[in-house]
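Engineer: The following block contains the structure, expressed as structure tokens.
The values are calculated or read from the model by the stated rules, or taken from the named source; none is laboratory data. From a predicted model like this one, the values you see are computed outputs, not experimental measurements. So basically every Cβ, Gly included, is an ideal-geometry build from the backbone, and we count neighbours across all protein chains shown.
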Amino acid sequence: MIAGVVVEQWKQAVFERHLREAGYTFTSHAAPVPNCNTLKVQATDIEALGQVVKAAQAECHKQGAPA
């Protein structure tokens, strides 16, 4: 299955790193929301992908948005 993950552009590098480290393949596309992109992720276990997304989001929350 392909899952779509919409991320703010400043978070994208963090999400891509987490996805790569977890072994996922993905492509990046413009999102219909300003300053966001959609990562289309090839996944077989949506719960496992959810844990990767949570970890990436937690890292972004720690570092905070750039000023």
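Engineer: Working carefully through the options 43, 13, 31, find the one that is touching a Leu at 6+ places or on another chain (Cβ under 6 Å) and of a type in the set (Gly, Ala, Ser).
Structural biologist: Answer to the check: 43.
Engineer: Of the numbered conditions (1) in contact (Cβ under 8 Å) with a residue 24 or more places away in the chain; (2) over 9 Å from the mean Cα position of the chain (by Cα), residue 29 fails exactly one; give the number of that condition.
Structural biologist: (1)
Engineer: Take the residues of the range 1-48 that are of a type in the set (Ser, Thr, Tyr) and part of a loop (DSSP other than H, G, I, E, B): which is farthest from residue 61 (Cα to Cα)?
Structural biologist: In this case the residue turns out to be 44.
Engineer: Would you mind finding the one in 65, 56, 31 that is in contact with a helix residue (DSSP H, G or I) (Cβ under 7 Å, 6 or more places away or on another chain) and at pLDDT below 95? Working first, answer last.
Structural biologist: On the way: 56 fails: at pLDDT below 95; 31 fails: in contact with a helix residue (DSSP H, G or I) (Cβ under 7 Å, 6 or more places away or on another chain).
After applying the criteria, what remains is 65.
Engineer: With (1) surrounded by fewer than 10 Cβ atoms within 10 Å (Cβ to Cβ); (2) touching a Ser or Thr at 6+ places or on another chain (Cβ under 7 Å) as the list, and residue 34 as the residue in question, which single condition is left unmet?
Structural biologist: (2)
Engineer: Right, here's the next one. When the residues of the range 1-14 are filtered to those that are under 19 Å from residue 44 (Cβ atoms) and either within 9 Å of the chain's Cα centre (by Cα) or touching a residue at least 60 places away in the same chain (Cβ under 8 Å) (or both), which remaining residue is surrounded by the most Cβ atoms within 10 Å (Cβ to Cβ)?
Structural biologist: If we take residues in the range 1-14 being under 19 Å from residue 44 (Cβ atoms) and either within 9 Å of the chain's Cα centre (by Cα) or touching a residue at least 60 places away in the same chain (Cβ under 8 Å) (or both), then 5 is surrounded by the most Cβ atoms within 10 Å (Cβ to Cβ).
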